[in-house]
Amino acid sequence: MSVRAPLLYDGVMDAKAEPVLVSACLLGRECRYDGRHNRDSALERDLAARGMTAIPFCPEEHGGLGTPRPAAWIETSGAAAVLDGRERVLTDAGADVTKQFVDGANGALEACKLHGIRRAFLKERSPSCGVCNTHAGGKLVAGPGVTAELLARNGVRVEGVEGRRE
Ligand code: SF4
């Protein structure tokens, strides 16, 4: 079933804390394509120590893809080509999920604007959230995912996190 993730954070926010966008799977939400999470306790401790409030967001769920969902990757070269309308995002069965990925990226940007977020911590290697590495052409390549590319284009500082640290 497709569940569109909400834009607005419904948790408690400290008015003095800096809000930062964080890939929801890094915070323990089971929103990965395979229904698992990438909880990174070291990241949570680090953000708290730096006085940041983590706003969880999963672009692929927001874009309307359900969980679990088929694995997907950028067609050939990278996220810039997807955002510029020159490439698609395809599932491993060949279904076109470009619109859902772009909608999810736009949702992440909208959430940043709504919350005044200038910085995001995103899960590496995802075709949405990857910052230094993503999946294109069925393999791991250098370059960002669709959401990371759109946030960076709009002045949000993106940092990649591998995840799963104790
Ligand atoms: S990496 Fe991004 S798109 Fe993938 S499950 Fe995590 S938050 Fe969602």
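Of note:
- Local charge for R119 was computed over the other residues whose Cβ lies under 11 Å away, with Lys and Arg +1 and Asp and Glu -1, and equals +1.
- Electrostatic tally near E18: other residues with Cβ closer than 9 Å to its Cβ, Lys and Arg +1, Asp and Glu -1, net +4.
- Look at R32, R39 and count the other Cβ atoms within 10 Å of each Cβ; fewest to most, that gives R39, R32.
- Long-range HN-HN contacts of I55 with modeled amide H, under 5 Å: V20, L21, V22
- Modelled FRET efficiency - R0 25 Å, E166 with D34, Cβ distances, 0.05 increments: 0.75
- Mean separation of Cα contacts under 8 Å (6+ apart) over length of the chain, as relative contact order %: 25
- Amide H contacts of E159 (H built 1.01 Å from N, in plane; Pro and chain starts excluded): A120, F121, L122 sit under 5 Å, all sequence-distant by 5 or more or on other chains.
- Lysines whose Cα lies under 19 Å from that of K113, excluding same-chain neighbours fewer than 8 positions away: K16
- Cα-centre dipole for the stretch 71-133 with unit charges at Cβ (Lys and Arg positive, Asp and Glu negative), debye to 20: 320
- Of all beta bridges that DSSP places with both ends in the chain, some 35 percent have antiparallel geometry.
- Global geometry of the chain, whether rounded, prolate or oblate, following the gyration tensor of its Cα atoms and the 1.5 cut on a/c: prolate
- In terms of surrounding Cβ atoms within a 10 Å radius of their Cβ, D46, D103 rank from fewest to most as D46, D103.
- Net charge of neighbours whose Cβ lies under 12 Å from the Cβ of H37, counting Lys and Arg as +1 and Asp and Glu as -1: +3
- Taking other C-beta atoms within 10 angstrom as a stand-in for reagent exposure, H37, H62 fall in the order H37, H62, fewest first.
- Here's how it looks for N133: its modeled amide H is under 5 Å from those of R125, G143, which are all 5 or more places away or on a different chain.
Just so you know, all these numbers are worked out from the coordinates, no wet-lab data involved. Please read these numbers as outputs of a predicted model, since none were measured by experiment. Glycine also receives a Cβ, built like all others from the backbone with ideal geometry; neighbour counts cover every protein chain displayed.
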